[in-house]
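Below you'll find the structure, written out as structure tokens, and then a few comments.
The values are calculated or read from the model by the stated rules, or taken from the named source; none is laboratory data. This one's a predicted model, so the numbers in the text were calculated from it and none came from an experiment. Quick reminder, even Gly has a Cβ in these numbers, built from the backbone with ideal geometry, and neighbours come from all protein chains shown.
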Amino acid sequence: MTHALAMTLHILSAVVWVGGMFFAYMALRPVAASQLEPPQRLQLWVGVFARFFPWVWASIIALVASGFWIILNVYTSMNASPLFVHIMLGLGILMILIFMHVFFAPYRRLKQAVNAQDWPTAGSKLAQIRILIAINLALGLTVVVIASAGRLLA
């Protein structure tokens, strides 16, 4: 893998994940909340997540693989990597852990509740997901700023 290919894969994967969260949180969520009744809104979100979450998994795999390739082949080691790389890695790990929690806990329960037409439970699980996605979106945007500014400051 060349440096240019690794960087391209890394950047595109971040754009897919962070951009998807931005779109879902800032555009889709307010419109769905204002135009759809809870059963339709909850079913919509289960469908949206079912389409988006495989892209997040692929992005995570690509980010980790390309990120460690860059660390080992451009900087030669974590010890030789600049501070902004350490910060991005730490925040990235936190984002991955938050996503895994969303995927394996509230999202799984959201799907179960929607399938059972238990709208109050589904609503509470969607509210949990919304908060966690807001946190991950803030972390993701922070990583984008660090990635952009870090190269200038390193």
Condition set within 13 Å of the chain's Cα centre (by Cα) and not hydrophobic (A, V, I, L, M, F, W, C), scope the stretch 1-30, selection surrounded by the fewest Cβ atoms within 10 Å (Cβ to Cβ): answer is Gly19
Residue hits (the stretch 31-42; surrounded by fewer than 16 Cβ atoms within 10 Å (Cβ to Cβ) and either in contact with a Gly (Cβ under 9 Å, 6 or more places away or on another chain) or among the polar types (S, T, N, Q) (or both)) are Ser34, Gln35, Pro38, Gln40
Notebook entry, point to check: If we scan the stretch 135-149, do we find a residue that is at pLDDT below 95 and of a type in the set (S, T, N, Q)?
Noted result: yes
Scanning the stretch 66-90 for residues that are touching a residue at least 40 places away in the same chain (Cβ under 8 Å) and either in contact with a strand residue (DSSP E or B) (Cβ under 7 Å, 6 or more places away or on another chain) or surrounded by fewer than 17 Cβ atoms within 10 Å (Cβ to Cβ) (or both) gives Asn73, Val74, Pro82, Leu83, Ile87
The condition from (1) within 17 Å of Gln40 (Cβ to Cβ); (2) surrounded by 15 or more Cβ atoms within 10 Å (Cβ to Cβ); (3) of a type in the set (A, V, I, L, M, F, W, C) that Ala147 misses is numbered (1)
If we keep only residues of the stretch 113-133 that are surrounded by fewer than 14 Cβ atoms within 10 Å (Cβ to Cβ) and on the phi < 0 side of the Ramachandran plot, then the residue farthest from the chain's Cα centre (by Cα) is Ala116
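Here is a yes/no grid of residues against (1) out of contact with any Gly (no Cβ under 8 Å at 6 or more places or on another chain); (2) in a loop (DSSP other than H, G, I, E, B); (3) among the aromatic types (Phe, Trp, Tyr); (4) closer than 18 Å to Gly140 by Cα:
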{"site": "Trp57", "(1), (2), (3), (4)": "yes, no, yes, yes"}
{"site": "Ala62", "(1), (2), (3), (4)": "yes, no, no, yes"}
{"site": "Gly67", "(1), (2), (3), (4)": "no, no, no, yes"}
{"site": "Ile71", "(1), (2), (3), (4)": "yes, no, no, no"}
{"site": "Ser77", "(1), (2), (3), (4)": "yes, yes, no, no"}
{"site": "Ala80", "(1), (2), (3), (4)": "yes, yes, no, no"}
{"site": "Ile87", "(1), (2), (3), (4)": "no, no, no, yes"}
{"site": "Gly92", "(1), (2), (3), (4)": "no, no, no, yes"}
Flagged pairs (Cβ under 7 angstrom, 6 or more apart or on separate chains; first in the stretch 102-121, under 19 Å from Met21 (Cβ atoms); second of a type in the set (Gly, Ala, Ser)) are Leu110/Ala122
Practice item. Tell me, yes or no, whether the stretch 91-103 has at least one residue that is surrounded by 13 or more Cβ atoms within 10 Å (Cβ to Cβ) and small (Gly, Ala, Ser). Key: yes
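Look through Arg41, Arg109, Arg51 and report the one residue that is assigned to a helix (DSSP H, G or I), of a type in the set (Lys, Arg) and touching a Lys or Arg at 6+ places or on another chain (Cβ under 9 Å).
Only one candidate passes the filter, namely Arg109.
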